[in-house]
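The values are calculated or read from the model by the stated rules, or taken from the named source; none is laboratory data. Bear in mind that the values here come from a model prediction, so they are computed numbers and not experimental data. For neighbour counting, all protein chains shown are included, and Cβ atoms are generated from backbone atoms with ideal geometry for every residue, glycine included. When the accessible area is computed, the model is the full protein with side chains, heavy atoms only, and any ligands, DNA or RNA have been set aside. Shrake-Rupley method; radii C 1.70, N 1.55, O 1.52, S 1.80 Å.
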Amino acid sequence: MPTEIVKKGKGVKLQSSSNAKLSKVKVGLGWEVRKGGQLDLDASVFMLGEDGKLPSDEYFVFYNNLTSPDGMVKHKGDNRTGDGEGDDEEILINLSFISPVVKELRFVVSIYDAQARRHNFGHLEDAYIRMVNLENSQEILHYDLDAEFSDDTEVEFARLVREDDGWKFLPTEKGTKIGLQGYVDKFIPEL
């Protein structure tokens, strides 16, 4: 299956008759910093329940919590520089066995300590997010994070939504300046 370049507002069905075996995927984040700069991007996944909130804190997978409680979402660790070829941060997901309490995966890319360091996406030359089928190493989705977010410090770039017959990928393309903690606050259940 060829790579599908995802556009804002267009969803891609991940488990359909043509993708019936798609179960294990990798989400890869890559970036380059403008010459002379240094910037730390972080990939995070919020595993949300029916109410749009985290079932518990452990369902927030990021650099300080590398594995979800069900073991089906695994962050491979923090890359603080973006140096090197290929994906700088990776998240492995086994869609078939994600806990049934999880109805949505929300993906956020944030800049570490952006406010204090006065960093934003305008400091990047190239940034992307992609999804790869781990069964055959084929890239199935690729989404460019472009200069549109030059003043922003976070981008909520996608959602994976559980449907009756599988998962659907929806690009969201929302830039913010609320910090990663702002997202945490948004998805923690009210007491």
Evaluate the stretch 116-157: find the radius of gyration of its Cα atoms, find its Kirkwood radius, and give the ratio Rg to Rh.
1.13
Kirkwood calc, the stretch 82-161, C-alpha pairs only, radius in angstrom 14.6 Å
Once amide H atoms are built 1.01 Å from N in the peptide plane, which residues 5 or more positions from Lys103, or in another chain, come under 5 Å H to H?
Leu48, Gly49, Glu50
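Given a 1.4 angstrom probe, what's the average accessible area per residue across the stretch 21-166, in square angstrom?
47 Å²
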For Ile111, what is the net charge nearby, where nearby means another residue's Cβ is under 9 Å from its Cβ and Lys, Arg count +1, Asp, Glu -1?
-4
Quick one: net charge around Arg34, please, counting Lys, Arg +1 and Asp, Glu -1 for every other residue with C-beta under 11 Å from its C-beta.
-2
With every protein chain in place, what's the accessible area of Leu124 (1.4 Å probe, Å², nearest 10)?
20 Å²
By accessible area of protein heavy atoms, probe 1.4 Å, what ranking do Asp165, Asp70 get, highest first?
Asp165, Asp70
Over the stretch 41-183, with a single point scatterer placed on each C-alpha, what log10 of the ratio I(q)/I(0) does the Debye formula yield at q = 0.15, 0.16 1/Å?
-0.76, -0.87
